[in-house]
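K.L.:
A single structure is presented below for examination.
The values are calculated or read from the model by the stated rules, or taken from the named source; none is laboratory data. None of these values were measured; they are calculated from a predicted model. Please note: Cβ atoms are built from the backbone with ideal geometry, for glycine as well, and neighbour counts cover all protein chains shown. For the accessible areas, the whole protein counts, side chains as well, though only heavy atoms, and no ligand, DNA or RNA atoms are used. Shrake-Rupley method; radii C 1.70, N 1.55, O 1.52, S 1.80 Å.
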Amino acid sequence: MQETHILVINPNSTASMTDKIAVAARAAAGPSTRITAINPEGGPAAIQGREDGEAALPGLLDLFDASLASDPTIGAVIIACFDDTGLWDLKARAPVPVIGIGEAAYHVASVAAPLFSVVTTLPVSVPVLEENLVRTGLAGRCAKVRASDVPVLALEDPASDGRRRIEAEIETALQQDGIGAIALGCAGMADLAHDLTGRFKVPVIDGVASAVRLAEAVVG
C-alpha cells in the first residue's frame, strides 16, 4: 500500500502543543499514513484572535513554502489552528490539498448531527470562527460559537482548571442550543475529544483527527 505523507503545521511557536497535536494526528491516521508535525520557531506562542493570527502568518508561510519545496513526498497539509490561520491563501498557492482543523471539524460535525455548537477558548476568537463558518458554508448548521474562557496555553498546564471550564460550557451548550454534536475549537483540546464523547454521549469532534481523516480520503 502506498504511503500517504501528511504535513501538520501548528502556526504558533509552542512545541509542546505541536507534540500533543502530533499524538492526536497519529492516533487518527491509518497504517499507511506518515505524519510530520512542525511549528515555526518564532511568532506568537498562542493564536487567540485576529491579531495573533496575523502575527503568525509570516512564519507560517515561510515554513509552508520551505517544507513543500524540500519534501516532494508531502501529499497534503493540515493547518493545526482552529482559527484556520492563513488557510485560504495557502489553498490558493499549494500544489497539494490544504485542510484547516476548523474547516474539518465543521464538516464532520455537520455530518454527525443536524446542528452543532463550537466550544472554543477565549471570546476574542469567536468572531474569527463565526466568519470562517460563513466562508465554509456551514454557519446555518452551527447553533452557537461558545467561549469557555480558557486561554490556549492553559491547556498545556496540568494544574489549570481548563478542562472543567470546557466541560461546563459543553454542558450548557447541550442544555440550551438544541444540538447533537460539539466541535472543540482549539488544537490544544485534541486529547479531550474521546473522553468528552463518552461523558456527554454525543459526538465531540476534534479538528485534528477530522482533518487527518479527510486528508486521507482526499489524497486516497
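Yes/no per residue for (1) modelled with pLDDT under 95; (2) aliphatic (A, V, I, L, M):
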residue: 55; (1), (2): no, yes
residue: 59; (1), (2): no, no
residue: 63; (1), (2): no, yes
residue: 90; (1), (2): no, yes
residue: 95; (1), (2): yes, no
residue: 103; (1), (2): no, no
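K.L.:
Which of the following residues is charged (D, E, K, R) and not in a helix (DSSP H, G or I): 41, 51?
P.N.:
Numbers: 51 fails: not in a helix (DSSP H, G or I).
Step by step, each of 41, 51 is checked, and only 41 is charged (D, E, K, R) and not in a helix (DSSP H, G or I).
K.L.:
Here's another thing I want to ask about it. Sort out which residues of segment 34-59 are touching an Asp or Glu at 6+ places or on another chain (Cβ under 6 Å), open to solvent by less than 30 Å² (accessible area, probe 1.4 Å) and over 15 Å from residue 82 (Cβ atoms), and write them in order of number. Before you say what the answer is, go through the steps one by one.
P.N.:
Just the residues of segment 34-59 that are touching an Asp or Glu at 6+ places or on another chain (Cβ under 6 Å), to begin with: 34, 44, 47, 53.
From what's left, open to solvent by less than 30 Å² (accessible area, probe 1.4 Å): 44, 47, 53.
Answer for segment 34-59, where residues must be touching an Asp or Glu at 6+ places or on another chain (Cβ under 6 Å), open to solvent by less than 30 Å² (accessible area, probe 1.4 Å) and over 15 Å from residue 82 (Cβ atoms): there is none.
K.L.:
If residue 146 passes every condition in (1) within 17 Å of the chain's Cα centre (by Cα); (2) at positive phi; (3) among the charged types (D, E, K, R) but one, which one does it miss?
P.N.:
Every listed condition holds for residue 146 apart from (2).
K.L.:
Looking at 112, 168, 181 in this structure, which one is small (Gly, Ala, Ser), over 18 Å from the mean Cα position of the chain (by Cα) and farther than 16 Å from residue 47 by Cβ? Write out each step before concluding.
P.N.:
Numbers: 112 fails: over 18 Å from the mean Cα position of the chain (by Cα); 181 fails: over 18 Å from the mean Cα position of the chain (by Cα).
Criteria check complete, one pass: 168.
K.L.:
Can you pull out the residues in segment 85-100 that are surrounded by 17 or more Cβ atoms within 10 Å (Cβ to Cβ) and either among the small types (Gly, Ala, Ser) or closer than 20 Å to residue 143 by Cβ (or both)?
P.N.:
86, 100, listed by residue number.
K.L.:
In addition: What are the pairs with Cβ atoms under 6 angstrom where one residue, in segment 61-84, is aromatic (Phe, Trp, Tyr) and the other, located anywhere, is in a strand (DSSP E or B)? Sequence gap at least six, or different chains.
P.N.:
Within 6 Å, the pairs are 82/185.
K.L.:
Take the conditions under 14 Å from the mean Cα position of the chain (by Cα) and open to solvent by less than 20 Å² (accessible area, probe 1.4 Å) and apply them to residue 23. Does it pass? First the steps, then the outcome.
P.N.:
Values: under 14 Å from the mean Cα position of the chain (by Cα): yes; open to solvent by less than 20 Å² (accessible area, probe 1.4 Å): no.
So residue 23 fails the test.
K.L.:
Scan segment 98-125 and report the pairs whose first residue is farther than 16 Å from residue 189 by Cα and in contact (Cβ under 8 Å) with a residue 24 or more places away in the chain and whose second residue is of a type in the set (Lys, Arg) and assigned to a helix (DSSP H, G or I), with Cβ atoms within less than 7 Å and a gap of 6+ or a chain change.
P.N.:
Listed pairs, sorted by first residue: 110/141; 115/141; 116/141.
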